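Scroll down for the structure; my scribbles are underneath it.
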There are 2 protein chains.
Amino acid sequence: MTNAELLSVGAELLLGETVDTNAAFLGAELATIGLPLRHARMLPDDRSIIRDAFIEARERSTVVLATGGLGPTHDDLTREAIADALAEPLHEDPALLAELEERFRAFGRMPSSNRRQATLIPSAQALPNPIGSAPGWWVESDGVVIAAMPGVPSEMRRMWAEQVRPRLEALFARPPLATRTVKAFGIGESAMAERLGAIIAEPPDGVDVGIYARDDGVHVRFSTLGDASVLDPLANRALAALGEDAYGTDETDLPGAALARLAELGVAELSSWESDTDGALLAVLAATPLRDGITRYLGGVLDLGTPSGPPIGDAVLQVSLLPQDAHGRSRVRVAMSGAVSIPPTELRIHGSGPQRLRRAAFAALDAVRRVSSSGR
Amino acid sequence: MTNAELLSVGAELLLGETVDTNAAFLGAELATIGLPLRHARMLPDDRSIIRDAFIEARERSTVVLATGGLGPTHDDLTREAIADALAEPLHEDPALLAELEERFRAFGRMPSSNRRQATLIPSAQALPNPIGSAPGWWVESDGVVIAAMPGVPSEMRRMWAEQVRPRLEALFARPPLATRTVKAFGIGESAMAERLGAIIAEPPDGVDVGIYARDDGVHVRFSTLGDASVLDPLANRALAALGEDAYGTDETDLPGAALARLAELGVAELSSWESDTDGALLAVLAATPLRDGITRYLGGVLDLGTPSGPPIGDAVLQVSLLPQDAHGRSRVRVAMSGAVSIPPTELRIHGSGPQRLRRAAFAALDAVRRVSSSGR
C-alpha cells in the first residue's frame with residue numbers, strides 16, 4: 001500500500017504564529033489522486049529533529065512531502081536535514097546558481113545568503129519555482145519519493161500543480177478517493193446521526209462515513225476508494241432524511257445557497273448592514289464567488305448606527321449580534337428589507353470568539369436560504 | 001525537560017476539509033506558559049492508529065494534548081484509544097450521564113448515541129464543557145498528563161482556558177517564552193536578512209531568531225526562554241535597520257498601521273471600493289478591531305463598475321487587481337480620494353490564488369501607511 005506523509009517545517013507553525021493551511025491543501029489534493037495522507041507532522045527549525053523525521057517517514061511511507069525550510073536564511077534547514085537523512089553530501093549546483101543569479105539580476109545583485117538555495121544532493125533534482133527564489137527538491141531513493149516544496153502557499157501550490165502532482169500521478173496511478181458530502185444547518189451532530197440512522201450505521205462495504213460540526217452547520221461525508229456509484233444513493237437518502245435542514249451537497253456552500261434562493265425570488269443585488277460582528281457577514285459574502293443564478297453581493301456597512309451610506313441594491317440583509325447572556329449563550333437578530341423581506345427574528349448560536357461572529361453570519365444566511373415565497 | 005505534544009484527531013484534517021486552526025491556537029498558548037509545543041501530528045479516525053500515537057507520545061512527552069474525536073458518533077474514537085493506550089477499561093459514569101441528560105432536557109430526550117460521551121476510565125477525570133455535549137478528559141498516569149479536548153474550536157478554547165491551562169500552570173510553572181517581532185513590507189526574506197546583518201547572525205546566547213514571509217510582509221522574530229530584557233534592544237536595532245520598510249512590532253498589524261496613519265492625517269471614516277479581489281480588502285479591513293487613534297472603517301463596495309452606492313466617509317480607498325501578465329506576475333492599481341489622496345499608482349505583488357488577492361489588499365494598505373502629509 002502506498003502511504004503519503006507530510007512534514008510541515010517551521011517554528012512559526014508550532015508557536016502558533018502561522019496556521020498550516022498547506023497541510024489542508026495537500027491533504028485534499030492527495031486524496032484526489034488516490035494517495036490519501038496518512039500522517040502529518042509539524043517540525044521545528046532543528047536540523048536533527050527534521051533529519052529524524054525524514055528517516056522515520058521514509059521507513060513507513062512511500063511518498064514523503066515536505067513544506068518549508070527552503071528559504072535563504074539560517075533557520076531554513078530542510079535541505080541539510082534531507083542530506084543528513086540520506087547520508088549524502090550537499091554541493092552547489094552551477095546551473096541552479098546561474099538561474100538564481102539571473103532571477104536576481106532585475107533587482108541588482110543576489111544576496112549571498114541565497115547561494116544556499118542553489119545546493120543539491122546527488123539523488124535530488126531541483127523543482128523549478130517560477131514565482132520565488134526557493135527551488136524544490138525531488139528525491140527518489142530506495143523506492144521512496146521525497147518532494148520538498150517551499151512553505152509560502154502560492155509557491156508551494158504552483159510547484160505542486162506543475163511539478164510534484166504530475167510526477168506522483170505518473171509513478172502511482174491510483175483510483176481517487178471519491179466523496180459525497182451533505183450539509184445541514186440548525187441541527188447538532190448527534191441529531192443528524194439519529195436522523196440518518198441506518199444510512200450511517202450500516203454503510204455499504206468499503207464506504208466510510210464521517211459527521212463533522214463546522215461553522216456553516218453539520219456535514220456528513222461518504223467516501224470510498226472503490227466504486228463511486230454507491231455514494232449517490234447514500235447522499236440522496238441523507239438529503240431526504242434531513243429535509244429542509246439540508247442546504248446542499250459537496251461544493252454548495254451556505255452563502256451560495258442563500259444567494260441562489262434570493263435570485264429565485266427575483267433579487268438581483270444584495271447589500272448588508274451588520275453590527276458587533278467585526279464584519280463577519282461582509283467577509284463571508286465577499287468571499288462567495290459570483291456565478292450565474294445567484295444574487296450579486298455589492299458590499300456592506302459595519303454598525304447599524306452609521307448615519308449615512310448604503311442601502312444599495314434590491315435588498316439589505318441586516319445582522320446584529322446581541323451580547324452573550326449570563327450563561328455565555330448568544331443570540332443574533334436578523335432582518336431583511338427590500339424586494340424580499342424577513343421580519344426581525346432572533347436566532348440562537350453557539351461558540352465564542354471569531355467562531356461566534358462567523359456563526360452569526362451563517363445563521364443569518366441560513367434564515368435567508370429558508371425564506372419562503374411569501375417574503376417577496 | 002517538559003515536552004508538550006499535540007494530537008489532532010479527525011479524518012477531515014488529513015483530507016484537507018478542515019484547516020487545523022486549533023494547533024496554531026494551542027501552540028501559541030503553550031508558548032506563553034513556557035511549555036512550547038515540540039511535536040504536533042494529525043491522526044485519522046482509526047482506533048489503533050490513535051492508540052499507537054498516544055503510546056508513542058507518552059514515551060517522549062510530559063504533556064500530551066489531544067483535540068477531536070470526543071463527539072457522539074461512531075467515528076469519535078479518542079476515548080477508546082486512550083483507554084487502549086493505558087490498558088484501562090471504559091465505564092459509564094452515572095454523574096456524567098445525569099449531567100448530559102440534564103443538558104438535553106431543554107431539547108427533548110437525549111439521543112442514545114450521546115451516552116458514549118458519559119464514559120471514563122479509572123485514571124480520567126471529566127473536564128466540563130459548558131457549551132457542548134462532549135466532556136473532556138484529564139488523565140494523570142505514570143508522570144504524564146493527557147488532556148483530551150473537543151475539536152470544535154469554541155468548545156476547545158473555553159475548556160483550555162477554564163480547565164486545562166490552569167491545571168498545567170499549577171503542575172509545570174515555567175518561565176514563558178518571550179518574543180519580540182518586527183514586521184516590514186516591500187522587501188523579501190533575504191533582503192531583510194542582509195539588512196539585519198549581525199543582529200540576526202550573532203544573537204545573544206539563548207535567543208532564537210526566525211525570518212518569515214507572510215501575506216502582510218516579512219517578519220523577524222526574536223525569542224528566548226531566558227531573560228526577556230535582551231529582546232527589546234534587538235527589536236529596536238531591527239526597526240532602525242529596516243527604516244521606512246518596517247511598519248510595526250508584535251501586535252501591530254498592517255491594516256492597523258494604515259488606519260493609524262490616516263487618523264494622524266485627520267481622516268475619521270474610511271470606505272473602500274475594490275475590483276477583481278473577491279472582497280479581500282473589505283475582509284481585511286472589516287477584521288481590524290476598532291480602537292482609539294485609528295480611522296474607523298465603515299464598509300465598502302465590490303467592483304468599481306457599480307453605478308451607485310458609496311463613497312461614504314471622509315476618504316475612499318480604491319483597489320483594482322490587474323490581470324496576471326504572461327509571466328504570472330501581478331500588479332495592483334491603488335488610489336485614494338477624499339480628505340487624503342493617493343494618485344493612481346501601480347504596485348507589483350507576488351503569489352497566486354487567494355494569497356494574490358490578500359496581498360493586493362496588503363499592498364494597498366502599505367501604500368496608505370506610507371502616505372506623506374502632502375497627500376492631505
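The values are calculated or read from the model by the stated rules, or taken from the named source; none is laboratory data. Remember, predicted model here, so these are calculated numbers, not experimental data. Neighbour counts run over all protein chains shown; Cβ positions are idealised from the backbone, glycine included.
Residues are listed down the side, and each one gets a yes or a no for (1) touching a helix residue (DSSP H, G or I) at 6+ places or on another chain (Cβ under 8 Å); (2) facing chain A (nearest Cβ under 10 Å); (3) of a type outside the set (S, T, Y); (4) not in a loop (DSSP other than H, G, I, E, B):
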{"residue": "B:V316", "(1), (2), (3), (4)": "no, no, yes, yes"}
{"residue": "B:V332", "(1), (2), (3), (4)": "yes, no, yes, yes"}
{"residue": "B:M336", "(1), (2), (3), (4)": "yes, no, yes, yes"}
{"residue": "B:L357", "(1), (2), (3), (4)": "yes, yes, yes, yes"}
{"residue": "B:F362", "(1), (2), (3), (4)": "yes, no, yes, yes"}
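The residues in the stretch A:148-182 that are more than 13 Å from every other protein chain (Cβ to nearest Cβ), closer than 12 Å to A:L26 by Cα and among the hydrophobic types (A, V, I, L, M, F, W, C) can be counted, and the count is 2. Count of the stretch A:70-80 residues, restricted to those that are crowded, with 24+ Cβ neighbours inside 10 Å and under 13 Å from A:A147 (Cα atoms), is 2. For the stretch B:336-376, a residue qualifies if it is over 28 Å from A:E155 (Cα atoms) and touching a strand residue (DSSP E or B) at 6+ places or on another chain (Cβ under 7 Å), and the qualifying residues are B:M336, B:S337, B:G338, B:A339, B:V340, B:I342, B:P343, B:P344, B:V371, B:G375. Being in the same structural domain as B:L365 (by TED's automatic domain parsing), surrounded by fewer than 18 Cβ atoms within 10 Å (Cβ to Cβ) and more than 26 Å from B:H350 (Cα to Cα) is a description that applies to B:E264.
Summed over the stretch A:310-361, residues that are among the β-branched types (V, I, T) and over 21 Å from A:E264 (Cα atoms) total 4. For the structure I just gave you, tell me whether B:I55 is surrounded by fewer than 22 Cβ atoms within 10 Å (Cβ to Cβ) and at pLDDT 95 or above. Yes.
Conditions tested, residue by residue: (1) at pLDDT below 90; (2) within 20 Å of B:A367 (Cβ to Cβ); (3) in the same structural domain as B:V284 (by TED's automatic domain parsing).
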{"site": "B:A184", "(1), (2), (3)": "no, yes, no"}
{"site": "B:I199", "(1), (2), (3)": "no, no, no"}
{"site": "B:V207", "(1), (2), (3)": "no, no, no"}
{"site": "B:A213", "(1), (2), (3)": "yes, yes, no"}
{"site": "B:F222", "(1), (2), (3)": "no, no, no"}
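On the stretch given as the stretch B:14-47, residues that are more than 17 Å from B:A161 (Cα to Cα), assigned to a helix (DSSP H, G or I) and more than 7 Å from chain A (Cβ to nearest Cβ) total 1. Looking at the stretch A:165-177, which of the residues that are out of contact with any Gly (no Cβ under 7 Å at 6 or more places or on another chain) and modelled with pLDDT under 90 is nearest to A:A238 (Cα to Cα)? Only one residue tops the list, namely A:A173. Of the strands (runs of 3 or more DSSP E) lying entirely inside the stretch B:195-272, those carrying at least 2 residues that are over 25 Å from B:G293 (Cβ atoms) and within 13 Å of chain A (Cβ to nearest Cβ) are B:207-214, B:217-224.
Within the stretch B:20-52, the set of residues being out of contact with any helix residue (DSSP H, G or I) (no Cβ under 9 Å at 6 or more places or on another chain) and at pLDDT 95 or above is empty. Residue under question is A:A4, and the condition is that it be in contact with a Lys or Arg (Cβ under 9 Å, 6 or more places away or on another chain) and either more than 7 Å from chain B (Cβ to nearest Cβ) or closer than 22 Å to A:L86 by Cβ (or both); does it hold? Criteria met by A:A4. Inspection of the stretch B:57-66 identifies at least one residue that is within 27 Å of B:E169 (Cβ to Cβ) and in contact with a Gly (Cβ under 8 Å, 6 or more places away or on another chain). Screening B:T295, B:T288, B:T345 for residues that are under 27 Å from A:P255 (Cβ atoms) and assigned by TED's automatic domain parsing to the domain that holds B:R369 leaves exactly one candidate, B:T288. Please verify whether the stretch B:103-113 includes one or more residues that are polar (S, T, N, Q), at pLDDT below 95 and buried (at least 21 other Cβ atoms within 10 Å of the Cβ). No, the conditions are met nowhere in the stretch B:103-113. Considering (1) crowded, with 23+ Cβ neighbours inside 10 Å; (2) at the interface with another protein chain (Cβ under 7 Å from one of its Cβ atoms); (3) closer than 21 Å to B:P354 by Cα, the lone condition that A:T67 does not fulfil carries the number (2).
Among the residues of the stretch A:50-85, those that are without any contact (Cβ under 8 Å) to a residue 60 or more places away in the chain and touching a strand residue (DSSP E or B) at 6+ places or on another chain (Cβ under 6 Å) comprise A:I50, A:A53, A:A57, A:T73. Out of all the residues in the stretch B:164-174, is one or more touching a Ser or Thr at 6+ places or on another chain (Cβ under 7 Å) and either small (G, A, S) or on the phi > 0 side of the Ramachandran plot (or both)? No, the stretch B:164-174 contains no residue that is touching a Ser or Thr at 6+ places or on another chain (Cβ under 7 Å) and either small (G, A, S) or on the phi > 0 side of the Ramachandran plot (or both). Within the stretch A:48-71, the residues that satisfy the criterion of being of a type in the set (V, I, T) and either in a helix (DSSP H, G or I) or more than 24 Å from the chain's Cα centre (by Cα) (or both) are A:I49, A:I50, A:I55, A:T62.
Taking the criterion of being at pLDDT 90 or above and either surrounded by fewer than 21 Cβ atoms within 10 Å (Cβ to Cβ) or on the phi > 0 side of the Ramachandran plot (or both), the residues of the stretch B:328-338 that qualify are B:R331, B:R333, B:A335. All conditions but one from (1) modelled with pLDDT of 90 or more; (2) surrounded by 15 or more Cβ atoms within 10 Å (Cβ to Cβ) apply to B:G313; the one that does not is (1). The residues of the stretch B:151-192 that are part of a helix (DSSP H, G or I), under 24 Å from A:S352 (Cβ atoms) and of a type outside the set (D, E, K, R), listed by number, are B:P153, B:S154, B:M156, B:M159, B:W160, B:A161, B:Q163, B:V164, B:P166, B:L168, B:A170.
Among the residues of the stretch B:76-104, those that are in a helix (DSSP H, G or I), among the aliphatic types (A, V, I, L, M) and under 32 Å from the mean Cα position of the chain (by Cα) comprise B:A81, B:I82, B:A83, B:A85, B:L100.
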